[in-house]
Amino acid sequence: MLRTRSLLWPAAIGLLSSAALAAPVAASDGDPAPEAPDCVKVSAGWRYTFVTNGCDSPQYLTVRYADGTDVPCRNLSPGDSATFPGYGTQGNRVLGPHLCPTA
């Protein structure tokens, strides 16, 4: 019995070390995009989310959702609006507009 336990410890330590090394990589993959500037306005409803660019410059952005729903980025010129999916009926939340990396 003692020998079995002594064989399990190296395996357990190896697994924990692997998880610790993998955590920063996974965290960087899941990092949210930067929030859009305050001049970008959002009006979220259960069916649609409307985003308006009130900035003086074009914005390339998306909307982030609490459940991780991924929606395509859109280019909005100053004064333009775009329609994104709403938060739905399942308790999802719109977290806000986020900038996308330039394509």
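The values are calculated or read from the model by the stated rules, or taken from the named source; none is laboratory data. Predicted model, so just to flag it, every value in this text is computed and none were measured. Cβ coordinates were reconstructed from backbone atoms using ideal geometry, including for glycine residues, and neighbour counts include every protein chain displayed.
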Please count how many residues of segment 49-73 are assigned to a loop (DSSP other than H, G, I, E, B) and either surrounded by 14 or more Cβ atoms within 10 Å (Cβ to Cβ) or among the hydrophobic types (A, V, I, L, M, F, W, C) (or both). 6
Does at least one position in segment 74-90 carry a residue that is at pLDDT below 95, surrounded by 10 or more Cβ atoms within 10 Å (Cβ to Cβ) and among the hydroxyl-bearing types (Ser, Thr, Tyr)? yes
